[in-house]
Each structure stands twice: as structure tokens, then as C-alpha cells.
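Data first, discussion second: the structure below is written as C-alpha cells.
The values are calculated or read from the model by the stated rules, or taken from the named source; none is laboratory data. Here the structure is a predicted model, which means the values were calculated and not measured. Neighbour counts run over all protein chains shown; Cβ positions are idealised from the backbone, glycine included. Calculation scope for accessible area: heavy atoms of the full protein, side chains included, ligands and nucleic acids excluded. Shrake-Rupley method; radii C 1.70, N 1.55, O 1.52, S 1.80 Å.
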Amino acid sequence: MAIRVALMGAGGKMGGRITRNIRNLPDYEVMYVEISQDAQVEMSKHGIHTTSQEEALSKAEVVILALPDRYIGRVTQDIVPKLQPGAMVMSLDPAAAYAGVIPLREDLSYFVAHPCHTSLFNEETTDEARQDWFGGVHAAQDIVCALHQGPENDYAKGEVIARHIYAPVIDSYRVTVEQMAILEPALVETFAATLVTALKEAFDEAVKMGVPPKAAEAFLMGHLRTEIGIVFGYAGFPFSDGAKLAITQAYDKIFKPDWKAQIFTRDALKESVAQITDSL
């Protein structure tokens, strides 16, 4: 029997990705909830018609929150009381769950699932897949999942749905909500995205100093793959002595001594998700 799903924010960027992946699956009866009239018009062009929030929530067995983090706390204050007992609330990001802005009912399950996106070391062979920068359209990806609250057998139910909404999926990894929050925002946004932004700034400086942009890009992208392969143990060989010396000399110039404590502590994590969910 098809699972009745209320897709909140169905006309948004993430809602659109989920719609493409599950709208034709017999496993689900999807009710598309979208408050933007412009988005509703755009959806209707593709044969997708919306359901009122009241009707969708009264029927839903699973509610998928394809909404920006800063809205989830406010929206779920209205959604959660209207759900039938035994329903599952599925978040697509750990911030709201970890920040505690989603109201919890003992008779509901709460599940969080997030994509890992296509790996830097992927083996995609088609141009479409290689140009799928998000993943879950043409390119395969891994996912992480957490059962925030609910009976243990609901983990399997949530994971199956997550595999469908993020398809094609390679592996699924079970983590806790806190562990997922350590991954995002702390590891991949607060830290890694900042490093990548600094990499682009360093690239721009090299170009300003006269290096041809195409040469600088080719040199940087090639070296990044090799360097990541070395550091994470894929390559099977070490840095050269010259590279080791450069790293040693530059590390303290670039990083503050307490940078890990500023990002990878529970207090820092709580503050970060509170800012993301606008719950400070």
C-alpha cells in the first residue's frame, strides 16, 4: 500500500528534486504543499497540483520538510499538533532537530536524512553525471540518516524513503543527530566551505601576480586531487620533503591555535545551529 506523504515546500529547490525522484514511484501517494503562488503556477506546468496544508496533514503518514532551516521551527509549531499518531516527521538537515526547535510528540517519529553529494573521487562516466554538482539527479551519492525519536523499526522505514528521495544512492550510513550536525554545519560548512572560499581567494591572488588563469586552475585542481589523495591515504605515497616543509612553515601563519575549539565543541555546535535556525 502506498505511503501517504506530505511534501512541505514542494515548489522549492529541494522540493523539486524530491518531486522528480518520487512522483512516479508506486510506493508513495504524494501530496504537494506549497504556499508560493508563483511556485504553484510553475508546478502546474509540469502536471503537479498542490494540496492544502490542512488536508495533507490530516492524511499524511510521513511529512517531509523541504524547507529552509530558519523556517522549520515556526512551521512545525503548526504542523506537529495536526499530525495523526504514528506519523513520521522527516527533516533534510540536522540543524533544526539538534537545535531543539521542532516540537516533539511522544506518538510521532522524527527522522533526519541528508545527502553526502557526489564524491570528489566519483567514477561517473557520462557528461550529465559529471555535471551533476548536487547529486541525486544523474550522479550517485551516499547519504547519512538518523532516527531522532521513535521505535527502532521506523529507522528502516525512514532509510528507504531517504534512499528514494536522494536516488541514486550508493551507501547509507547511520549516525546520530549530533554526529550529523558535526558533519554539517561544523565539518563541511563552517570549516571545509571556508577553506574552499580561501582557496579561491588564493587562486585569485596567483592570477593577480601574473599567472594565466587557465594555467592556475589546471595546476590547482590537479594538485588538490593529489594532495587530498595523500592526506586521506588514497594515494599510497607521502608528500615530498619540500611540501612537508611548506606545510610546517605555513600552518601556524594560516590557522589560529584554538581553531578546533572554535568549531568542534558542543558549545560551538549549539551556537552554530541556533544561528542557522534563527533560534538565538
(Q) I need the full set of residues from segment 240-258 which are under 20 Å from A198 (Cβ atoms) and either open to solvent by less than 100 Å² (accessible area, probe 1.4 Å) or not charged (D, E, K, R) (or both), in order please. (A) A243, A246, I247, T248, Q249, A250, Y251, I254, F255, P257, D258
Q | Every residue from segment 1-34 that is open to solvent by 20 Å² or more (accessible area, probe 1.4 Å), aliphatic (A, V, I, L, M) and under 23 Å from the mean Cα position of the chain (by Cα) | A | M14, L25, V30
Q. Within the group A113, A167, A129, A146, which residue is surrounded by 14 or more Cβ atoms within 10 Å (Cβ to Cβ), hydrophobic (A, V, I, L, M, F, W, C) and part of a loop (DSSP other than H, G, I, E, B)?
A. A167
Q. Scanning for something modelled with pLDDT of 95 or more, in contact with a strand residue (DSSP E or B) (Cβ under 7 Å, 6 or more places away or on another chain) and among the β-branched types (V, I, T), does segment 176-186 turn up at least one residue?
A. yes
**Q.** Any chance G233 is under 22 Å from F121 (Cα atoms), without any contact (Cβ under 8 Å) to a residue 12 or more places away in the chain and among the small types (G, A, S)
**A.** yes
Q | Given (1) of a type in the set (G, A, S); (2) within 24 Å of the chain's Cα centre (by Cα); (3) within 24 Å of L120 (Cα to Cα), index of the condition A216 fails | A | (2)
Q: Would you mind stating whether D204 is of a type in the set (D, E), within 30 Å of S109 (Cα to Cα) and open to solvent by 50 Å² or more (accessible area, probe 1.4 Å)?
A: no
Q | Odd one out for T226 among (1) part of a helix (DSSP H, G or I); (2) open to solvent by less than 90 Å² (accessible area, probe 1.4 Å); (3) in contact (Cβ under 8 Å) with a residue 24 or more places away in the chain | A | (3)
**Q.** Residues satisfying the stated conditions in segment 86-101, i.e. within 19 Å of L57 (Cβ to Cβ), part of a loop (DSSP other than H, G, I, E, B) and out of contact with any Gly (no Cβ under 7 Å at 6 or more places or on another chain)
**A.** G86, A87, L92
Q: With the checklist (1) closer than 22 Å to N21 by Cβ; (2) open to solvent by 40 Å² or more (accessible area, probe 1.4 Å) in hand, flag the one item S91 doesn't pass.
A: (2)
Q. Just wondering, is there one or more residues in segment 255-266 that are more than 25 Å from Q179 (Cα to Cα) and either over 21 Å from the mean Cα position of the chain (by Cα) or assigned to a helix (DSSP H, G or I) (or both)?
A. no
**Q.** Residue list for segment 170-182, filter: assigned to a helix (DSSP H, G or I) and without any contact (Cβ under 8 Å) to a residue 60 or more places away in the chain
**A.** Q179
Q. How many of the residues in segment 63-85 are out of contact with any Ser or Thr (no Cβ under 7 Å at 6 or more places or on another chain) and outside any helix (DSSP H, G or I)?
A. 8
Q) Name the pairs whose Cβ atoms lie under 8 Å apart, with the first residue in segment 28-40 and touching a residue at least 24 places away in the same chain (Cβ under 8 Å), the second open to solvent by 30 Å² or more (accessible area, probe 1.4 Å) and part of a helix (DSSP H, G or I), and 6 or more positions between them or separate chains? A) Y28/H164; M31/E55; M31/K59; V33/Q53; E34/Q40
Q: For segment 30-62, name all the residues that are part of a loop (DSSP other than H, G, I, E, B) and farther than 20 Å from D78 by Cα.
A: H46, G47, I48, H49
